[in-house]
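Note sheet for the following structure.
The values are calculated or read from the model by the stated rules, or taken from the named source; none is laboratory data. The structure presented is a predicted model; accordingly, all values stated were derived computationally and were not measured. Backbone-built Cβ (ideal geometry, glycine too); neighbour counts: all protein chains shown. Note: accessible area is taken over every heavy atom of the protein model, side chains too, but ligands, DNA and RNA are not part of it. Shrake-Rupley method; radii C 1.70, N 1.55, O 1.52, S 1.80 Å.
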Amino acid sequence: MSDLLRTPLFPLYAQYEGVRCIDFGGWELPVQFSGIQKEHEAVRERAGLFDVSHMGEFTVTGEQAEAFLQHMMTNDVTAIVPGQAQYTLMCYPDGGVVDDLLIYKLAEQQYTLVVNASNIDKDWAWLQEHIIPGVNMTNDSEQTALLALQGPLSVDILAKVIDTNVDAGAIEPFRFVQHAEVCGVKLLLSRTGYTGEDGFELYVAADQAALVWNGLMEAGADVGLVPAGLGARDTLRFEAKLPLYGQELSPTISPLEAGLGMFVKLNTGPFIGHQALLQQKNDGPARKLIGIEVLERGIPRPHYPIYADGVQIGEVTTGTQSPTLKRNLGLALIDSKYTALGTPLEIEIRGKKLKGEVVKTPFHKRTRTLKTPIQGAEQA
């Protein structure tokens, strides 16, 4: 895997006996450290620490920064204040998705965009293609590491290693603190994540990332904090119905089809894709993202065909046996006529059509829900 990109934390992986790395969008990343099931359960019940430094970070500044981002994004950038993060999408003129991302408003006319790793070059080119006078952009991806501390005990763990001037528990969802000191390192601390659980994301200079990782692992050792890999990250976000770019979102899947209409503000003025999405909303999306359960022995996987009334009506976007619920579940994009709860379906698995039905999503919801169902962005 010598040609693959590596995060600043890659040298630390070797200390974990069960670590297994894979090629993930051109990056050599851990799919697991000790086992997907174990890591999944740790995040649901205690806490897990993820290395997500492969994500991309762009800084956007200048007197026209807000106007520029408002034109590029589906959400209302003018609604966020300094210290607040916002989930949004960039679309093509036809309503397909360039990427889903987070915007951090650092100060007036100063923003950080957090984009999916496999889309860094594409997103940069798309933004540069549409940039206007009065806007400056820098790509800070290589200089920035990103750690995600997720789970119900994440506040308690962080409290042991954070500067006493910052109360981590008081940070509201989708709010952040700049220059917070964690494990003796200055960083941006955000109450966001991609697991369906409470937690934090820590943006830190690449050369300081190992100090923070080791400090957090030590602080959480007595409460069962574990390092967690891409496998658990995927099953956790799946249970919470958080979209993965390349599966639930793509250039051929719109935000409205993916059920993300609350992040598409059609009444705040034109953005790229506005007209196409307005038309789609008025007509009603022809396809919708729904939850399915396979009622026979079989696990749905991406791109498995789905049938009703003897014809194919769509396909699975993500599927697995839910580690939390022990049920064979999937997300699927299907014809809107068949999306009512309880609708009988057939899912083709290894050449055999198995019985299934439309079920309620999200499959898992934490007791105290965050203010928005989207907790982060991730890539295919």
> Which of the GluC sites (Glu not before Pro) found in the stretch 68-154 are in a DSSP loop and have at most 14 neighbouring Cβ atoms, other than their own, within 10 Å?
Replying inline: Glu108
>> Taking the solvent-accessible surface of protein heavy atoms with a 1.4 Å probe, what is the per residue accessible area of the chain in Å²?
In response: 41 Å²
>> Rg over Rh of the stretch 286-364, using C-alpha atoms and the Kirkwood radius, what does it come to?
In response: 0.92
>> Using each residue's phi in the stretch 333-340, evaluate 6.51 cos²θ - 1.76 cosθ + 1.60 at θ = phi - 60° and report the 3J(HN,Hα) Karplus result to the nearest Hz, with x for Gly and Pro.
In response: 9, 9, 3, 4, 5, 10, 9, 5
> Using a Gaussian network for the chain with springs between C-alpha atoms less than 10 Å apart, which of these wobbles most: Leu101, Leu202, Leu295?
Replying inline: Leu295
> When the Karplus curve 6.51 cos²θ - 1.76 cosθ + 1.60 is applied with θ = phi - 60°, which whole-Hz ³J(HN,Hα) does each residue of the stretch 299-313 get, with x for Gly and Pro?
Replying inline: 10, x, 10, x, 6, 5, x, 10, 10, 8, 6, x, 10, 6, 10
> GNM on the chain, C-alpha springs below 10 Å: top fluctuator among Leu211, Leu69, Leu329?
Replying inline: Leu211
>> Could you work out how much longer the chain between Glu45 and Lys360 gets when fully extended? Use 0.36 nm per residue separation minus the Cα distance between them, nm to one decimal.
In response: 111.1 nm
> Could you give the distance between the Cα centres of the stretch 276-340 and the stretch 11-49, to the whole Å?
Replying inline: 28 Å
>> Between Lys186 and Ile22, what is 0.36 nm times their sequence separation minus the Cα-Cα distance? Round to one decimal in nm.
In response: 56.0 nm
> Lys/Arg Cβ at +1, Asp/Glu Cβ at -1, dipole of the chain taken about the Cα centre: which of Thr317, Pro93, Ala67 is farthest positive-ward?
Replying inline: Thr317
> Given H placed 1.01 Å from N in the peptide plane, which residues other than close sequence neighbours of Asn136 have an amide H under 5 Å from its amide H?
Replying inline: Thr61, Gly62
> Rounded to whole Å and sorted largest first, what semi-axes of the equivalent ellipsoid does the C-alpha gyration tensor of the chain yield via the square root of 5 times each eigenvalue?
Replying inline: 32, 28, 18
> So who's got an amide H within less than 5 Å of the one on Arg175, skipping anything under 5 residues away but keeping other chains? H placed 1.01 Å off N, in plane.
Replying inline: Ala85, Arg191
>> Need the full-extension length gain, Ile132 to Thr268, defined as separation in residues times 0.36 nm minus the C-alpha distance. One decimal, nm.
In response: 47.0 nm
> Between Tyr338, Tyr111, Tyr16, which gets the highest mean-square fluctuation from a Gaussian network model of the chain, Cα cutoff 10 Å?
Replying inline: Tyr16
>> Please enumerate, by chain and number, the lysines with C-alpha under 27 Å from the C-alpha of Lys38, excluding those fewer than 8 residues away in the same chain.
In response: Lys160, Lys241, Lys326, Lys360, Lys365
> For Thr252 and Lys353, FRET efficiency with R0 = 30 Å and r from the beta-carbon atoms, rounded to 0.05?
Replying inline: 0.75
